[in-house]
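Only the coordinates and a few stated rules stand behind these numbers; no lab work does. From a predicted model like this one, the values you see are computed outputs, not experimental measurements. Heads up, the Cβs are rebuilt from the backbone with ideal geometry, glycines too, and the neighbour counts pull from every protein chain shown.
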């Protein structure tokens, strides 16, 4: 109906006002078409939340050193969820059962894809110096490999992270993840159960005065997220690993 009224008024304008009326008429008709065929607004369905990021989900990880001795435990809890962001609380417990770190990281939906805060790639040893500091970051985020296949890749990701104690900057570093190569589909057994997962390999660069390079290998499950991570230095020396021990 709106479209027909616009056409009628545009035609009348054309008859009564000549050339200028014709231009205005075209504008009115075009406006009517845009209103009639406009694209739907973005909805929550445009960015579906992975089931493993639902509020209340909890991951328990056990870390081991290069000799297989248990070192730290990591407990990740989904604290808040919105249409485009998920906040996860992280607690690190050492071998003496003392809490040595508490903090948060996030997952953010951009263009219908979920990205993870790069701080989630830190090992417990890397996180402990941040204990008690307020973190600020600028980053591109790590694309979760949801619905990816072997042979696919994930783009590089970057972050600048600062740690503050009151108004004093204590830590200033840059973090980068090289292009991630998805290697193969595998079934991996963990204390939390067996999961079909995607094995992937990538490099982690940490720059704070000097640049340190690590090589990581992850196993990602579409149902749970990361279920195992192995860490090596730039020369390939084995640092240790973590595995999922419980998922709720």
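Mind listing whichever residues of region 216-243 are under 18 Å from residue 145 (Cα atoms) and outside any loop (DSSP other than H, G, I, E, B)?
Across region 216-243, the qualifying residues are 216, 217, 218, 219, 220, 221, 225, 226, 227, 228, 229, 230.
This table checks each residue for (1) under 16 Å from residue 119 (Cα atoms); (2) in contact (Cβ under 8 Å) with a residue 40 or more places away in the chain.
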position	(1), (2)
182	no, no
192	no, yes
211	no, no
214	yes, no
227	no, no
241	no, yes
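Which members of region 110-138 meet the condition of being in a strand (DSSP E or B) and buried (at least 19 other Cβ atoms within 10 Å of the Cβ)?
Once the filter is applied, which keeps residues that are in a strand (DSSP E or B) and buried (at least 19 other Cβ atoms within 10 Å of the Cβ), region 110-138 yields 114, 116.
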